[in-house]
Amino acid sequence: MIKGSPRAEGNTATMADIFEKGTSENNNIVTEIVLKDKIIGDCRGCAICQQNGGKCVQDDDMNEIYDEMHKADVIVLACPVYFYTWPSLMKRMIDRTFAIEDYMDKKVFYLLSAAATRKETNVQTMIKCFRHYIRASEKMKVKRAVLYLLMIQEKHRM
């Protein structure tokens, strides 16, 4: 499970914890990666990773994430919707997975997300981004993708 929220106790974290508990109770092993606790540089766009078997030239915490994603059968991305799409923590990690897209075949992807909105249109960009990400490359042959989205309807105070 890759948690991409800057808030450790937010709505997305709560959803992720419940999902993780249910997964563990069904005898699955869950590895939790909290992106706010990691040092991950921006993708440099050099594409050297595409020439050397998926090894990024940067030596940072993304190497641990690559290893965990490679081992996983299921990849859960848990993050809130910020300004219609991924928060920067998740976007940075996603950009860096360009290095390993050749090794992402047959993965099952889940997206757990919360949004403080009443309008479904405010989360459509996030949904499209998720769908495009898991189909980003012809090499990524995703078995299944599931989206869980919690829309929180806050009452406005006058």
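Side notes on the structure shown:
- Of the criteria (1) open to solvent by less than 60 Å² (accessible area, probe 1.4 Å); (2) more than 11 Å from the chain's Cα centre (by Cα); (3) not β-branched (Val, Ile, Thr), which one Lys106 fails: (1)
- Candidate set from region 33-50 (those that are in a helix (DSSP H, G or I) and aliphatic (A, V, I, L, M)); member that is surrounded by the most Cβ atoms within 10 Å (Cβ to Cβ): Leu35
- Filtering region 111-125 to residues that are surrounded by fewer than 20 Cβ atoms within 10 Å (Cβ to Cβ) and either modelled with pLDDT of 85 or more or part of a loop (DSSP other than H, G, I, E, B) (or both) leaves Ala116, Thr117, Arg118, Lys119, Gln124, Thr125.
- Options Glu138, Glu64; residue that is modelled with pLDDT of 95 or more and surrounded by fewer than 20 Cβ atoms within 10 Å (Cβ to Cβ): Glu64
- Taking residues in region 75-102 that are in contact (Cβ under 8 Å) with a residue 24 or more places away in the chain and of a type in the set (S, T, N, Q), and partners anywhere that are open to solvent by less than 70 Å² (accessible area, probe 1.4 Å) and part of a helix (DSSP H, G or I), the pairs with Cβ atoms closer than 9 Å and at least 6 places apart or on different chains are Thr85/Thr125; Thr85/Met126; Thr85/Cys129; Thr97/Met62; Thr97/Ile65; Thr97/Tyr66; Thr97/Met69; Thr97/Tyr133.
- Residue within region 15-32 that is open to solvent by 60 Å² or more (accessible area, probe 1.4 Å), within 13 Å of the chain's Cα centre (by Cα) and under 16 Å from Tyr82 (Cβ atoms) present: no
The values are calculated or read from the model by the stated rules, or taken from the named source; none is laboratory data. Keep in mind it's a predicted model, so treat the numbers as computed, not measured. Cβ sites come from the backbone with ideal geometry, for glycine too, and all protein chains shown count toward neighbours. Each accessible area value is taken on the protein alone, full model and side chains, heavy atoms only, with ligands, DNA and RNA left out. Shrake-Rupley method; radii C 1.70, N 1.55, O 1.52, S 1.80 Å.
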